[in-house]
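Take a look at the structure below.
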Amino acid sequence: MYINSTSDNSVDEGSAVRTTVAVFSAQKYVLDFLHEPIIKNFPGSTFFEARLDVNTAPLAAGHQVVCCFSKDNLSREVVDKLASAGVKFVAMRCAVFHNVDLRACQEAGIAVARVPNYSPSSVAEHAVAMLLCLNRNLHLANIRMHTGDYTLSGLVGYEMRSKTIGVIGTGAVGTVACRIFRGFGCKVLAYDICESDAVKALGVEYVVKEQLLRSADIITLHCPSLPSTRHIINKSSIAIMKTGAIIVNVSRGSLVETDAAIQAIESGQLGGLALDVYEHEGALFSRNWTALSPTERFKSWDREFQRLKSHPNILITPSLSFLTEEALTNIAAETVNNIREFSAGRSLTHQVQSD
Ligand code: NAD
């Protein structure tokens with residue numbers, strides 16, 4: 001599917017008129033928030049529902065800019081095709097750029113920019129929403145309502161105000177999470193390689209990681225994917241947690257050793273697992289699998305994912321903590337701003353470059 005633009009002369013920057021954008025992975029929700037600002041600023045732009053990959057890259061021909069998301073493929077092979085198509089700028093409409101071969105872009109003369117911050121509240125509130133859903137068994141109660149089972153056994157939850165929350169990573173998102181949990185009346189412990197005075201002012205206590213793991217009833221992860229954070233939740237760290245602890249991960253799949261977490265759910269060591277991200281989500285998320293039969297899906301999905309989906313105290317959402325009107329509006333504005341900077345030949349505020 002592609003949607004071509006109509007022309008609109010309400011652009012206040014002459015050079016922007018000449019810039020057109022090929023927007024990939026343009027599903028309906030993307031069109032809803034991005035179509036109007038892109039077309040208004042860059043008439044002649046085109047929206048493709050397809051992901052960017054080696055087969056779809058030639059669609060960018062005639063456009064100087066491609067606008068992509070975290071699930072698009074910007075490997076060297078794709079970047080070379082984009083360069084052959086005349087692309088000079090990649091506008092990532094997300095914070096991450098793990099899917100972009102920055103060195104290949106640099107060698108091809110293609111600049112790259114991203115949207116580093118769009119709404120910490122959107123992400124933090126999703127973590128809290130997942131936690132409350134899991135803790136109060138809302139997902140199970142909703143299924144019972146639809147099936148006519150209005151009994152209560154098995155749905156007992158607990159109050160937040162008496163609990164200890166462990167927040168790992170107290171940057172933009174973690175700080176909002178701390179504020180929300182303090183609002184519930186929780187005791188909040190935090191661990192970060194950089195301590196924040198603003199977080200301490202909320203009444204949060206920084207502790208070493210082991211103390212947090214041992215003391216928290218609920219652990220929520222808000223640190224980036226780095227070699228130092230890979231499997232920060234693993235077999236050993238789970239072993240020292242309180243029995244029945246809940247883990248919430250809306251940050252990056254690599255933070256949790258999935259197999260260890262599932263085993264801990266199965267043994268009862270963990271009481272719940274709320275995941276908006278998954279280690280091997282790349283091949284799974286942002287796709288519609290409903291046309292496949294259960295058997296076909298079983299063959300297509302990895303075994304860990306099957307196991308994750310089989311436990312009632314594991315809640316999974318498909319990487320949508322950014323999916324609020326506010327965050328999408330901010331993403332659209334910043335994406336347009338990044339493209340306008342490129343178009344006007346200005347220095348790029350949010351450029352990302354290879355080391
Ligand atoms: P941020 O950069 O503001 O904060 C990250 C924090 O992690 C920093 O305070 C940093 O010091 C800390 N940190 C780094 N290494 C650490 C380590 N080894 N141990 C403990 N703490 C460490 O980032 P943010 O905007 O708060 O976002 C947090 C994470 O949320 C992002 O890195 C991203 O992975 C994730 N995120 C997910 C979504 C989604 O849709 N699921 C959306 C936005 C962000």
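The values are calculated or read from the model by the stated rules, or taken from the named source; none is laboratory data. Everything quoted here is computed from the prediction, not taken from an experiment. Cβ sites come from the backbone with ideal geometry, for glycine too, and all protein chains shown count toward neighbours. What goes into the accessible areas is simple: the full protein's heavy atoms, side chains included, and nothing from ligands, DNA or RNA. Shrake-Rupley method; radii C 1.70, N 1.55, O 1.52, S 1.80 Å.
Computed values, structure above
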{"quantity": "Qualifying residue in the stretch 341-350 (condition: within 16 Å of VAL115 (Cβ to Cβ), within 15 Å of the ligand (Cβ to nearest atom) and surrounded by 16 or more Cβ atoms within 10 Å (Cβ to Cβ))", "calculated": "yes"}
{"quantity": "Selection from the stretch 147-174 of residues that are within 19 Å of VAL248 (Cα to Cα), surrounded by fewer than 21 Cβ atoms within 10 Å (Cβ to Cβ) and either charged (D, E, K, R) or within 16 Å of the ligand (Cβ to nearest atom) (or both)", "calculated": "GLU159, ARG161, LYS163, GLY171, ALA172"}
{"quantity": "Near pairs, Cβ below 6 angstrom, 6+ apart or cross-chain, from the stretch 328-355 (assigned to a loop (DSSP other than H, G, I, E, B)) to any residue that is open to solvent by 50 Å² or more (accessible area, probe 1.4 Å)", "calculated": "HIS350/ARG114; VAL352/PHE97; VAL352/ARG114; SER354/ARG103; SER354/GLN106"}
{"quantity": "Among residues of the stretch 219-239, those that are assigned to a loop (DSSP other than H, G, I, E, B) and either touching a Pro at 6+ places or on another chain (Cβ under 9 Å) or within 11 Å of the ligand (Cβ to nearest atom) (or both), counted", "calculated": "10"}
{"quantity": "Matching residues, the stretch 291-340, being closer than 29 Å to LEU138 by Cβ, in contact with a strand residue (DSSP E or B) (Cβ under 7 Å, 6 or more places away or on another chain) and open to solvent by less than 30 Å² (accessible area, probe 1.4 Å)", "calculated": "LEU308, ILE314, LEU315"}
{"quantity": "Enumeration of residues in the stretch 240-298 that are over 28 Å from ALA26 (Cα atoms) and in a helix (DSSP H, G or I)", "calculated": "LEU255, THR258, ASP259, ALA260, ALA261, ILE262, GLN263, ALA264, ILE265, GLU266, SER267, THR295"}
{"quantity": "Flag for SER75 being hydroxyl-bearing (Ser, Thr, Tyr), under 16 Å from MET92 (Cα atoms) and touching a Phe, Trp or Tyr at 6+ places or on another chain (Cβ under 6 Å)", "calculated": "no"}
{"quantity": "Some residue of the stretch 195-206 being open to solvent by 40 Å² or more (accessible area, probe 1.4 Å), basic (Lys, Arg) and within 11 Å of the ligand (Cβ to nearest atom)", "calculated": "no"}
{"quantity": "Count - residues of the stretch 81-122 that are within 16 Å of the ligand (Cβ to nearest atom) and either touching a helix residue (DSSP H, G or I) at 6+ places or on another chain (Cβ under 7 Å) or of a type in the set (A, V, I, L, M, F, W, C) (or both)", "calculated": "14"}
